[in-house]
Amino acid sequence: MGTLKDRLNDDLHAAMKSRDELITSTLRMALAAVRTAEVAGKEARELSDDEVLAVLTKETKKRREAATAFADAGRADQAAKETAEGEVLDRYLPKQLTDEEISELVSQALAAGGFSGKAQMGPAMKAAQAAVAGRAEGGRVAAEVRRQLG
């Protein structure tokens with residue numbers, strides 16, 4: 001099938017041909033963020049699919065936060081645009097876990113690592129994040145770890 005970056009490029013070309021401005025601008029922005037990540041550091045390199053996924057997750061989070069900020073400021077048109085861009089990027093991310101699934105994975109990770117008490121929050125979070133593997137936002141995972149350790 002090719003890499004995730006190839007899929008983004010192919011979808012960008014298709015959106016340009018169909019003159020879909022929202023998807024075109026969103027994918028251009030996402031690819032620019034990927035290229036920026038590729039040239040960050042000491043030397044340029046090709047990102048793996050997991051690294052591209054991390055960039056897309058970060059960009060999606062930015063869109064969600066911007067939409068909230070615009071909505072709070074009474075700028076519904078900008079909030080709607082940010083939300084729409086976030087939805088375009090969501091298509092490339094793995095399906096997000098439900099709260100019940102996060103709770104189950106966190107409890108398994110805590111039991112496997114033998115974590116108990118708030119003092120072990122750091123190592124417990126590391127284990128929980130590994131179990132969740134990018135399928136849920138860190139804040140949601142942290143809240144569940146805190147709840148189960150408390």
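The values are calculated or read from the model by the stated rules, or taken from the named source; none is laboratory data. Since this is a predicted model, take the numbers as computed values, not measurements. Heads up, the Cβs are rebuilt from the backbone with ideal geometry, glycines too, and the neighbour counts pull from every protein chain shown. For the accessible areas, the whole protein counts, side chains as well, though only heavy atoms, and no ligand, DNA or RNA atoms are used. Shrake-Rupley method; radii C 1.70, N 1.55, O 1.52, S 1.80 Å.
Okay, here's what the table says:
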| read-out | value |
| --- | --- |
| Residues of region 132-149 that turn out to be surrounded by 12 or more Cβ atoms within 10 Å (Cβ to Cβ) and closer than 17 Å to LEU53 by Cβ, as a count | 7 |
| Residue count for region 27-45, restricted to those that are closer than 23 Å to MET16 by Cβ and either of a type in the set (A, V, I, L, M, F, W, C) or open to solvent by 60 Å² or more (accessible area, probe 1.4 Å) (or both) | 11 |
| Filter result (touching a helix residue (DSSP H, G or I) at 6+ places or on another chain (Cβ under 9 Å) and more than 29 Å from ASP6 (Cα to Cα)) within region 80-100 | ASP99 |
| Complete set of residues in region 46-72 that are open to solvent by 70 Å² or more (accessible area, probe 1.4 Å) and out of contact with any helix residue (DSSP H, G or I) (no Cβ under 6 Å at 6 or more places or on another chain) | GLU46, ASP50, LYS58, LYS61, LYS62, GLU65, THR68, ASP72 |
| Search result, residues across region 108-130 that are open to solvent by 40 Å² or more (accessible area, probe 1.4 Å) and closer than 11 Å to ARG146 by Cα | SER116, LYS118, ALA119, GLN120, MET121, GLY122 |
| Hey, ARG35 farther than 27 Å from ARG140 by Cβ, part of a helix (DSSP H, G or I) and free of Cβ contacts under 8 Å to residues at least 12 places away in the same chain or not | yes |
| Test: residue in region 118-129 that is closer than 30 Å to LEU27 by Cβ and polar (S, T, N, Q) | yes |
| Whichever residue in region 73-98 is free of Cβ contacts under 8 Å to residues at least 40 places away in the same chain and under 20 Å from ASP50 (Cα atoms) and, among such residues, is most open to solvent (accessible area, probe 1.4 Å) | ARG91 |
| Filtered residues of region 4-26 (kept if within 26 Å of ALA133 (Cβ to Cβ) and open to solvent by less than 50 Å² (accessible area, probe 1.4 Å)) | LEU4, LYS5, LEU8, ASN9, THR26 |
